[in-house]
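Undergrad: Attaching a single structure in structure tokens format; questions to follow.
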Amino acid sequence: MEIWERMEFLRQELEKHNKLYYENDAPIISDFEYDAMLRELEELEAKYPIYALPDSPTKHVGGRVNEKFSKVTHQVPMKSLGDIFSKEEVLDFCSRVRQSVGDAELSFVVERKIDGLSVSVEYENGKMVRASTRGDGLVGEDITENARTIKNLPKQIDSSIPYLEVRGEVYMPFEVFLRVNEQAELSGEKLFANPRNAAAGSLRQLNAKVTAERELSIFVFNIQQISGREFTSHSESLDFLASLGFEASPGFEICHSDEEIWAAIENIGESRGELSYGIDGAVIKVNEIALREQLGETAKIPRWAIAYKYPPEEKETRLLDVEVTVGRTGKLTPVAILQPVHLAGTTVSKATLNNEDFIREKDVRIGDMIVVRKAGEIIPEIVSVNTSERPADAKPFSMPDRCPACGEPVFRSEGEAALRCLNEQCPAQTFRAMMHFASKDAMNIDGMGPSLINLLLSADLIHDVADIYSLSEKKDALCVLDRMGESSASNLLAAIEDSKNRPLSRLITALGIRNVGVVAARTLAKSFGSMENLMHATVLEIAALPDFGLITAQSVADFFAKESNRQLIEKLRDLGVNVTEDTSNSNNIWAGKIFVLTGTLSKYTRSEATEIILSLGGTASSSVSKNTTYVLAGEAAGSKLTKAQNLGVAIISEDEFEQMVAEARGQ
């Protein structure tokens, strides 16, 4: 029974990690560790077929459809690829293919395996009509509106093509990933583990505006279906896609011999550190379409393609010290200071240590030789400690019991791994709170960056975010600051004055309430209308809002329960900062009405139409259900229109919408 127990353990672990990876976009193990478990289970099932189960994770793609999105059944299944990890396995694959096709003329295409989210995009008569995730390979999620925000994805192609379905990989460039995580840290939100998770989480947002702000990109690597054209080779189809305006599988190589194939794989591996996006392997595909059909497919994978996975690059280096940083919400984060080492194309001198539990589990000590790698090719992390080379004077590290920034005691809440400083006057928290308050998604005060905030704090000109609005009385002191002067001071004060008129949702975002990001702030502002109403809302009233729960609701209630926060808001109000949502032209006549937008609108942008709906008290939703009141259908409306028709939901045109708006406003 030991074999059965091991197989059952592997099945349960793989399904758990499938859910974390595909559905929650929050994996807790590396691809390499996952692949090792999957391969072990495959080998055991081959050796002990009596113990193999028909629904084993070795026989299906890991994802499931999120019920918040409409389902899309793929006409051409979006299958996964088999994985291999050595040169010998690459050569075995090529040999099997050659034996199967006999004397036929054969070539291979070697491509970069982009580390992102696999999607299908469909075009009818040149217009993009639908985009969907892979899901379980047979049924995916309709993410058309979100996909429209991807700038390098053509929304219109050659109109002479009746129908085209392409498959591609949506990814987040490293530069964008760093910016998104930096903003999340400032907002006190959970950080993405790597660019792949960030891309997947962004593409599956219920609010397309959030997706647009994440600046996703896509590489297209296959034609799933096409009408009116035929291709003899994969490389020919990639060239055709490029001619239509797609970014098609960059840097692919056509190879004939085993030596050429392995050289192409090595070239891709060596280029990983120079790319602006993540790759997790190389894909080897039979180039000739006719031979692909001859080779066929299994229920899960094609026999004409395979994915070579690069082992994660790991290096040994010395742990010189551990620094503890303090975030905006008071969270203490230990950071490893390393002897610089070249890793995955960059020089690494710092690595995350996560929290106190991680340090204790790994037995990390200052002075140790540690093994470091990049998680998702970008965030350095410590993998293990080489205890055989531990020096005699290696010092165990413990998290401080007092905040390194202010000296006040720190606390660890029940159920949390992190320590927090609860001192509201902590200088580190004040600095980060200032940065967040002035940031683009919050009050958007142009020119107020980290350097200036440091100057203002050092000069004792500001002590909390409300003091920003008192700077107009201190212009003389501003002008004498380093690199300031009369002109710069005037520009800064004008930007501060302008920010007073931001809507309530921006102010709520700027306050940095735990678990409340941009979207949640908009919901709060729309639902309560004024800061006064929000401050007096109960936990249950907040928890009843769309996409809210008790944890977020409690965070909001706790924030406003603090007298210091209530005094801060009063101070902001007295200094002229807007504390209400703009209700001009609004009589809440659309209260209770739920609108869904689909297709391309010609008279409004999607965000403009949404703002109008919200201003009149309505709700803008991303998915059609029996509770939907109206579907506003623009040109090339897709599956949402079909679903609305099936459910009997009222469908309105832009002209009808415009008339409804005029009537609601009494015009």
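Undergrad: Going by how many other beta carbons lie within 10 Å of each one, how would you line up H234, H17, fewest first?
TA: On the way: H234 26, H17 19.
Sorted ascending by nearby Cβ count, the order is H17, H234.
Undergrad: Hey, another quick one. If R0 is 51 Å, what FRET efficiency do you get for E266 and S398 from their C-beta distance, rounded to 0.05?
TA: 0.70
Undergrad: Points 7 angstrom from Cα along the Cβ direction at E247 and W4: gap in nanometres?
TA: Using points 7 Å along Cα→Cβ, the separation is 5.2 nm.
Undergrad: Could you state the per residue volume, in Å³, of the convex hull enclosing the Cα atoms of the chain?
TA: In the chain, the Cα convex hull volume per residue is 200 Å³.
Undergrad: Right, next: Whose amide H sits under 5 Å from the amide H of S107, counting only residues 5 or more places off or on another chain, with H placed in the peptide plane?
TA: So S107 has HN proximity to N287, E288.
Undergrad: Counting Lys and Arg as +1 and Asp and Glu as -1, what is the net charge of the other residues whose Cβ lies under 11 Å from the Cβ of F560?
TA: -1
Undergrad: Counting Lys and Arg as +1 and Asp and Glu as -1, what is the net charge of the other residues whose Cβ lies under 12 Å from the Cβ of E40?
TA: Overall, the nearby charge balance is -2.
Undergrad: Ok, one more. Using alpha-carbon positions, what is the distance between the centroids of region 651-667 and region 86-152, in Å?
TA: Centre-to-centre (Cα) distance: 43 Å.
Undergrad: Also, I was wondering about something else. Can you tell me what percent of all Cα-Cα pairs in region 271-397 are more than 22 Å apart?
TA: Above the 22 Å cut-off, region 271-397 has 51 percent of its Cα pairs.
Undergrad: Continuing with this model, one more query. Once you list every other residue whose beta carbon is under 13 Å from the beta carbon of E316, what net charge do they have if Lys and Arg are +1 and Asp and Glu are -1?
TA: That sum, taken over residues with Cβ under 13 Å, equals 0.
Undergrad: Next up: Determine the distance separating the Cα centre of region 477-528 from the Cα centre of region 247-289; give it in Å without decimals.
TA: Using only Cα atoms, the two centres lie 47 Å from each other.
Undergrad: In whole Å, what three semi-axes, largest first, describe the equivalent ellipsoid of region 594-664 built from its Cα gyration tensor (square root of 5 times each eigenvalue)?
TA: On the way: eigenvalues 62, 36, 23 Å².
They are 18, 13, 11 Å, listed largest first.
Undergrad: Using Cβ counts within 10 Å as a stand-in for footprinting exposure, how do S487, S505 rank, fewest first?
TA: S487, S505
Undergrad: Distance in nm between label sites at N533 and A561, each 7 Å beyond Cα in the beta-carbon direction?
TA: 2.4 nm
Undergrad: Quick one: if the Förster radius is 60 Å, what FRET efficiency do D239 and I50 give, using the C-beta to C-beta distance and rounding to 0.05?
TA: It comes out at approximately 0.80.
Undergrad: May I ask you to sort E13, E145 by Cβ crowding, counting other Cβ atoms within 10 Å and putting the fewest first? Each step should come with its number before you reach the end.
TA: On the way: E13 17, E145 24.
With the sparsest Cβ surroundings first, the list reads E13, E145.
Any read-out appearing in this document is the output of simple, stated calculations on the displayed coordinates, not a laboratory observation. None of the values given here were measured: they were computed from a predicted structure. Methodologically, a virtual Cβ is constructed for each residue, glycine included, from the backbone with ideal geometry; neighbour enumeration extends over all protein chains shown.
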